[in-house]
Amino acid sequence: MTEIFGHRGSAGTHPENTMISFKQAYIDGADGIELDVQLSRDGIPVVIHDETVNRTTDGKGYVKDLTLMELKKLNAVHKFKKQYKHAEIPTLEEVLDWAAKKRFKVNIELKNGIVPYAGMEEKVLDLIDRCNMDHLIIFSSFNHYSIARLHTLAPDIEKAVLYMEGIYKPWEYTKWVGGQGIHPHIKAAKTSIIQRAQDAGVPVRPFTVNDEKTMSRLFEEGCAGFFTDFPKKAVQLKYQK
C-alpha cells in the first residue's frame, strides 16, 4: 500500500512545520509526516524549513543566529493568520515525543546543505534514541554527505537521498552513499524509475504531490509513498480505489 506523508504536516491547509499542522495530518489519516530540521544558535534541533525565519514567522534573521528562546517567541502561523492566532516553532524533541505516543512515522529532512550544522546528525539521533523512535524514522537530505554520515552512525535507520533532477540509476546511487530509498521531485519520478527502483528493493517516495491525477498514478503503480501538502485529499482518494 502506498504510504501518504503529510509534507510539513497538512501544510496546504495549516501553518507548515507546526504542531497544528502535524496533528492535523494525523487526524487526516496520513501514514506519517515530513518535517525539516535546523539547529538554533544554542544547538537545539528545531523544526523549520528555511534557513531564515523571514518567510514563515513574524521575525527576521537566520535560524542559526537565534537562540531557542528567541525562536520560541516568534509566531509561525505564516499565511494562516485568519484561522490561527499563534503557532510556535516546535523543537524536534516536542514533535518526536508526540509522534512516539501516536506510533506515527516521521520523515526527518536534515537541512544542512546550505548551513553546515556541526554535529546535527548526532544531536538528532540522540533525540530519536531517547524517544525510542528508530523504527518509525526515515531520514532524508539533499546533502548526500549527511546520508553517508548517518549510514555510519545509524545503519539500521532508513535513509533516502533527496534530489530534484535526474540521477543515473538512483537505486544504485542511494546504496552507494549509504541510503536505502530515493525521494525524487515528482517530475523526476517517471514510471520507469519507480518500477526499476522498487524492483531493486529501493522504495520511492516523490515530493510534493498535490494533484489528484498524479496521486492516482502513484497509487496504481504501487509507489512506496509520496509527500503531499494535502494528506486529507490523498487519503480520501486512496480509499476510493
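Points to keep in mind about this one:
- Scan of region 164-179 for residues that are open to solvent by less than 10 Å² (accessible area, probe 1.4 Å) and within 19 Å of Lys111 (Cα to Cα), ordered by number: Thr174, Gly178, Gly179
- When region 47-60 is filtered for residues that are surrounded by fewer than 22 Cβ atoms within 10 Å (Cβ to Cβ) and of a type outside the set (Gly, Ala, Ser), the ones remaining, listed by number, are His49, Asp50, Glu51, Thr52, Asn54, Arg55, Asp58, Lys60.
A quick yes/no check of all residues on (1) among the aromatic types (Phe, Trp, Tyr); (2) more than 21 Å from Glu51 (Cβ to Cβ):
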{"position": "Val95", "(1), (2)": "no, no"}
{"position": "Ala100", "(1), (2)": "no, yes"}
{"position": "Arg103", "(1), (2)": "no, yes"}
{"position": "Leu125", "(1), (2)": "no, yes"}
{"position": "Phe139", "(1), (2)": "yes, no"}
{"position": "Ala148", "(1), (2)": "no, yes"}
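- Of the residues in region 82-91, at least one is surrounded by fewer than 18 Cβ atoms within 10 Å (Cβ to Cβ), modelled with pLDDT of 95 or more and touching a helix residue (DSSP H, G or I) at 6+ places or on another chain (Cβ under 8 Å).
- If the condition is being among the hydrophobic types (A, V, I, L, M, F, W, C) and either open to solvent by 10 Å² or more (accessible area, probe 1.4 Å) or without any contact (Cβ under 8 Å) to a residue 12 or more places away in the chain (or both), then region 1-29 contributes Met1, Ala11, Met19, Ile20, Ile27.
- Out of Gly178, Gly166, sole residue that is in contact with a Leu (Cβ under 8 Å, 6 or more places away or on another chain) and farther than 20 Å from Phe5 by Cβ: Gly178
- For region 182-198, a residue qualifies if it is under 14 Å from Met215 (Cα atoms) and open to solvent by 10 Å² or more (accessible area, probe 1.4 Å), and the qualifying residues are His185, Ile186, Lys187, Lys190, Thr191.
- The single condition among (1) free of Cβ contacts under 8 Å to residues at least 40 places away in the same chain; (2) open to solvent by less than 20 Å² (accessible area, probe 1.4 Å) that Phe227 does not meet is (1).
- Residue match in region 89-108 (condition: among the polar types (S, T, N, Q) and in contact (Cβ under 8 Å) with a residue 60 or more places away in the chain): yes
- Filter pass, Leu74 being within 21 Å of Asp31 (Cα to Cα) and open to solvent by less than 60 Å² (accessible area, probe 1.4 Å): no
- Taking the criterion of being open to solvent by 50 Å² or more (accessible area, probe 1.4 Å) and in a helix (DSSP H, G or I), the residues of region 134-158 that qualify are Asp134, His135, Tyr145, Arg149, His151, Thr152, Leu153.
- Being surrounded by 19 or more Cβ atoms within 10 Å (Cβ to Cβ) and under 25 Å from Ile138 (Cβ atoms) is a property that Val95 has.
The values are calculated or read from the model by the stated rules, or taken from the named source; none is laboratory data. Quantities reported herein were computed from a predicted structural model and do not represent experimental measurements. Glycine gets a Cβ as well: all are built from the backbone with ideal geometry, and neighbour counts include every protein chain shown. What goes into the accessible areas is simple: the full protein's heavy atoms, side chains included, and nothing from ligands, DNA or RNA. Shrake-Rupley method; radii C 1.70, N 1.55, O 1.52, S 1.80 Å.
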